[in-house]
1. Tell me, what HN-Hα J-couplings in whole Hz come from the Karplus equation 6.51 cos²θ - 1.76 cosθ + 1.60 at θ = phi - 60° for each residue of region 43-52, using x for Gly and Pro?
2. Find the centroid of the Cα atoms in region 52-116 and in region 219-297, then give the distance between the two in whole Å.
3. With r defined as the distance between the Cβ atoms of GLN41 and HIS20 and R0 fixed at 22 Å, what FRET efficiency is calculated, to the nearest 0.05?
4. How high is the FRET efficiency from GLU120 to ASN216, r the C-beta distance, R0 35 Å, rounded to 0.05?
5. Obtain the nm distance between the two label points defined at GLN148 and ILE71 by a simple spin-label model: each point lies 7 Å from its Cα along the Cα-to-C-beta direction.
6. For a label point 7 angstrom out from the Cα of ASP262 toward its Cβ, which stretches of region 44-58 have the backbone nitrogen within less than 18 Å?
7. For ILE71, ILE181, ILE210, which order do you get if you count the other beta carbons within 10 Å of each Cβ and list the fewest first?
8. Taking the Cα-to-Cβ direction at ASP135 and at ASP227 and moving 7 Å from each Cα, how far apart do the two end points lie in nm?
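All of the numbers you see were taken from the coordinates with simple rules; none came from a lab. All values derive from a computational prediction rather than experimental measurement. Cβ coordinates were reconstructed from backbone atoms using ideal geometry, including for glycine residues, and neighbour counts include every protein chain displayed.
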Amino acid sequence: MEALTRSLFLYLSKNALLNHLAKKHGRRWAAGKMIGGTDFQSSIPCIRHLNHAGLSVTVDHLGEFVDTKEIAEERTKECIQTIRMIHREQLDSHVSLKLTSLGLDIHRDLVEANMARILEAAEEHQVMVTIDMEDVPRCQATLDLFKQFKRSHRYVSTVLQAYLYRTASDLDDLNTLKPFIRLVKGAYKESRKHAFPNKQDVDDNYKKLIVKSLQNGNYTAVASHDDQMIEFTKTFTKEHRIPTEQFEFQMLYGMRTRTQLDLVKQGYKVRVYVPYGLEWYGYFMRRLAERPANIAFVFKNFLKK
Ligand code: FDA
């Protein structure tokens with residue numbers, strides 16, 4: 001049943017008509033609940049509010065289906081502008097982005113050139129840029145570009161997914177670069193050829209990756225809403241005297257807000273992933289696919305307006 005609901009929401013996430021309707025009619029509802037705002041400027045009060053509560057942020061300009069050079073160029077400019085505004089407004093925020101939004105599916109030279117411009121701004125303003133990990137066909141290209149940029153830039157990090165068999169060896173491979181890695185379970189629908197089909201195996205691998213990344217001495221972001229993973233990280237770091245400066249927890253905006261604040265009170269660093277933009281529909285459906293229990297939460301919020 002769970003697999004069925006997941007597939008249904010993943011299918012709906014790609015529906016262009018629903019995406020169009022959501023963009024047109026649902027923006028006021030989504031802003032402030034699951035997304036920071038409809039553009040970066042309108043998300044600033046939300047970011048400030050989180051910062052005042054002791055939470056760090058990473059912002060993500062939502063965008064699906066980038067298939068022209070012109071849109072990729074717009075996305076690049078927007079990202080550079082966002083980095084400048086984070087610096088100017090003195091916000092405690094990183095930037096997260098997807099390489100497909102910069103033209104990964106169009107041409108490698110294009111995404112490379114766009115990313116180079118973004119990282120130039122990131123270095124200038126000392127704002128970390130995290131490359132989100134997308135689905136399997138884009139994984140190797142994403143890691144290759146990350147490695148290439150990491151050799152000459154400080155303010156770049158990326159994401160590894162625990163559901164993939166390859167990830168432990170990717171983590172070893174990246175180790176010489178001393179990366180800042182965000183560990184996640186993985187959000188895409190992948191075949192058993194590439195990914196553990198059973199949740200328990202994904203969870204076990206996630207814990208192994210947390211241990212490996214921390215023992216390698218790398219700054220590690222544990223990006224999960226799962227209490228089991230959070231408690232595991234707390235216990236492991238205490239037992240092995242790993243300082244709280246070497247890791248952080250990350251969660252999505254609007255999810256487990258109480259837990260985020262409790263962790264801050266306990267002295268842990270917590271970063272909230274705040275998406276913004278008009279293209280919120282696909283993001284939203286993928287979140288429902290991950291956790292159908294959120295449907296109740298969504299409808300409660302919907303009625304609140
Ligand atoms: P999981 O879905 O495994 O649920 C385990 C348990 O956690 C649940 O049974 C429940 O108890 C609790 N739980 C989970 N979600 C909850 C909620 N919303 N409210 C209350 N309890 C909840 N993926 C990817 O492929 N590429 C990427 O770049 C990123 N980036 C990213 C950044 C950040 C900051 C986060 C938090 C996540 C991502 N992801 C991602 C998504 C990630 O791969 C994964 O799909 C989701 O985080 C869901 O997995 P969890 O580990 O959170 O819990």
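1. For region 43-52, the Karplus curve yields 8, 4, x, 5, 5, 4, 4, 5, 4, 4 Hz.
2. Going from one Cα centre to the other spans 21 Å.
3. Details: r = 23 Å, r/R0 = 1.07.
So the FRET efficiency works out to roughly 0.40.
4. 0.80
5. A separation of 2.3 nm, rounded to one decimal place.
6. 54-55
7. Details: ILE71 16, ILE181 25, ILE210 21.
Fewest-to-most Cβ neighbours within 10 Å comes out as ILE71, ILE210, ILE181.
8. Output for this residue pair reads 3.4 nm.
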